[in-house]
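Beneath this line is the structure, given in structure tokens, with notes to follow.
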Amino acid sequence: MSRVVVTGRIPKPGLDILRRAGHEVDVWDSEDQQPREQLLEQVRGADALLTLLTEQVDAELLDAAGDQLQVVANVAVGYNNVDVEVCRERGVVATNTPGVLTEATADIAMGLILMATRRLGEGERIIRSGTPWQWGMFYLLGSGLQRKTLGVVGLGGIGAATARRARAFGMNVIYSSRSQAPRELELELGAHRVDLDTLLAESDVLSLHCPYSPATHHLLGPEQFAAMKPTAYVVNTARGPVIDEAALAKALQERQIAGAGLDVFEDEPQVHPDLLECENAVLVPHLGSATIETRTAMATLAADNAVAVLAGEEPPTPIR
Ligand code: DGY
């Protein structure tokens, strides 16, 4: 029997997999993040960790767990919270949950595109605040999507799923990515690859779908916003620090760009105070994968990963 520590509350089917495999499961059974000191205590002696994206998985945590630790199964597709190099050095397998949250996250990206371009957040705030309003020919005019260009940064699974949705709304798609997408995908989406400068200049909506790493830190900052159309929108469902939030707030305030839709933030759960002042920003609290079905699939995939490693098998989705 191995000891599996789950660092936060996850859907029960994930825990069932771990228990059915005969493991002792120790869960921090709360929606609130566990204080770090307590977490360092909890992981002591663990053979496997199921971690949430709010935990920093670093040398300190691995030291606290001990040499017997075999696997860190992150319950997220993004793994910027996991020091993969340190795991590798210590022979700890690290896994994530790609694939299962693709459609849910693309739904939120498309939702943010619609909310930002059609000013739905502003409209909702007007009604809820009791502000008088009346239908008017020029009242709260937004931008239509037909024949506009969606620029996708990172045409992986979520980027492609967002592009599919945008195509259904009549948009054209261009993308920038580290590597060329497969020809069939380009043909399906009618998309072609351009460099970031071209993407910035031509996009009516720019949607971020790249992983966060030192290479993508503040990928969008003052210079990039200045290079965009004043009628353009930025949407981020990837990771907050891909955008320089202070620069985005300035660009929104000065109408260098028309609007933004953000699901993720640089310093979650804090939101830059200047962004809160921007009527043209739609702000939602990291809901990309927040459906019952998706969170259940993430938990069961993470559990499958942990169980496989503990059984001496190749996990379904290792981080390579
Ligand atoms: C992930 O899995 O990386 C998502 O951000 C969770 O919503």
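The values are calculated or read from the model by the stated rules, or taken from the named source; none is laboratory data. All values reported here derive from a predicted model rather than from experimental measurement. Every residue, glycine as well, gets a Cβ built from its backbone with ideal geometry; the counts of neighbours run over all protein chains shown.
What pairs come up if the first residue lies in the range 139-152 and is basic (Lys, Arg), the second is assigned to a strand (DSSP E or B), and their beta carbons are under 9 Å apart, counting only those six or more places apart or on different chains?
Sorted first by the residue in the range 139-152, then by its partner, the pairs are 147/172; 148/172; 148/205.
Considering only residues that are among the polar types (S, T, N, Q) and under 21 Å from residue 11 (Cα atoms), which ones fall in the range 57-80? Break it down stepwise before answering.
From the range 57-80, those among the polar types (S, T, N, Q) are 68, 70, 74, 80; that's our starting set.
Of everything in the range 57-80, just one residue is among the polar types (S, T, N, Q) and under 21 Å from residue 11 (Cα atoms), namely 74.
Looking at the structure I just gave you, is residue 109 within 16 Å of the ligand (Cβ to nearest atom), in contact (Cβ under 8 Å) with a residue 60 or more places away in the chain and either over 22 Å from the mean Cα position of the chain (by Cα) or closer than 30 Å to residue 308 by Cβ (or both)?
Working: within 16 Å of the ligand (Cβ to nearest atom): yes; in contact (Cβ under 8 Å) with a residue 60 or more places away in the chain: yes; either over 22 Å from the mean Cα position of the chain (by Cα) or closer than 30 Å to residue 308 by Cβ (or both): no.
No: the conditions fail for residue 109.
Residues being surrounded by fewer than 21 Cβ atoms within 10 Å (Cβ to Cβ) and touching a residue at least 12 places away in the same chain (Cβ under 8 Å): count how many of those fall in the range 153-170.
So the first thing to find is which residues in the range 153-170 are surrounded by fewer than 21 Cβ atoms within 10 Å (Cβ to Cβ), and the list is 156-157, 161, 164-165, 167-170.
Of the ones still in play, those that are also touching a residue at least 12 places away in the same chain (Cβ under 8 Å) are 156-157, 161, 164-165, 167, 169-170.
So the answer is 8.
Within the range 65-82, which residues are within 16 Å of the ligand (Cβ to nearest atom) and in contact with a strand residue (DSSP E or B) (Cβ under 9 Å, 6 or more places away or on another chain)?
Of the residues in the range 65-82, the ones within 16 Å of the ligand (Cβ to nearest atom) are 72-82.
Hits for the range 65-82 are 72, 73, 74, 75, 76, 79, 81, 82.
Checking the conditions here, which among 205, 264, 307 is over 25 Å from residue 107 (Cβ atoms) and in contact with a Lys or Arg (Cβ under 9 Å, 6 or more places away or on another chain)?
Values: 205 fails: over 25 Å from residue 107 (Cβ atoms); 264 fails: over 25 Å from residue 107 (Cβ atoms).
Testing whether each residue is over 25 Å from residue 107 (Cβ atoms) and in contact with a Lys or Arg (Cβ under 9 Å, 6 or more places away or on another chain) leaves just 307.
Hey, does the range 275-285 have a residue that's assigned to a helix (DSSP H, G or I) and over 20 Å from residue 239 (Cα atoms)?
Our first condition is that a residue be assigned to a helix (DSSP H, G or I); within the range 275-285, this holds for 275-276.
From what's left, over 20 Å from residue 239 (Cα atoms): none.
Looking for residues that are assigned to a helix (DSSP H, G or I) and over 20 Å from residue 239 (Cα atoms), one finds none in the range 275-285, hence no.
Would you pick out the residues in the range 252-270 that are out of contact with any Asp or Glu (no Cβ under 8 Å at 6 or more places or on another chain), part of a loop (DSSP other than H, G, I, E, B) and over 15 Å from residue 114 (Cα atoms)?
254, 255, 256, 257, 264, 268, 269
Inside the range 14-83, counting only strands (runs of 3 or more DSSP E) that do not spill past its ends, which hold 2 or more residues that are surrounded by fewer than 19 Cβ atoms within 10 Å (Cβ to Cβ)? First the steps, then the outcome.
Working: elements: 24-27, 48-51, 71-74.
Output list reads 24-27.
Here is a check on your reading of the model: is residue 142 over 23 Å from the mean Cα position of the chain (by Cα), surrounded by fewer than 18 Cβ atoms within 10 Å (Cβ to Cβ) and modelled with pLDDT of 95 or more?
Values: over 23 Å from the mean Cα position of the chain (by Cα): yes; surrounded by fewer than 18 Cβ atoms within 10 Å (Cβ to Cβ): yes; modelled with pLDDT of 95 or more: yes.
Considered against the rule, which asks whether it is over 23 Å from the mean Cα position of the chain (by Cα), surrounded by fewer than 18 Cβ atoms within 10 Å (Cβ to Cβ) and modelled with pLDDT of 95 or more, residue 142 comes out as yes.
Can you pull out every residue in the range 89-139 that is part of a helix (DSSP H, G or I), touching a strand residue (DSSP E or B) at 6+ places or on another chain (Cβ under 8 Å) and of a type in the set (A, V, I, L, M)?
Selection gives 109, 112, 113, 115, 116, 120.
List, please: which pairs have Cβ atoms under 6 Å, are six or more places apart or on different chains, and start with a residue in the range 253-266 that is within 12 Å of residue 288 (Cβ to Cβ) and end with one that is in a helix (DSSP H, G or I) and within 13 Å of the ligand (Cβ to nearest atom)?
Cβ pairs passing all conditions: 263/108; 264/240.
Looking only at the range 204-235, count every residue that is of a type outside the set (Phe, Trp, Tyr), within 16 Å of the ligand (Cβ to nearest atom) and in contact (Cβ under 8 Å) with a residue 60 or more places away in the chain and tell me the total.
Our first condition is that a residue be of a type outside the set (Phe, Trp, Tyr); within the range 204-235, this holds for 204-211, 213-224, 226-232, 234-235.
With within 16 Å of the ligand (Cβ to nearest atom) added as a condition, the list becomes 207-211, 213, 216, 235.
Next, only the ones that are in contact (Cβ under 8 Å) with a residue 60 or more places away in the chain stay: 207, 209, 211, 213, 235.
Matching residues across the range 204-235 total 5.
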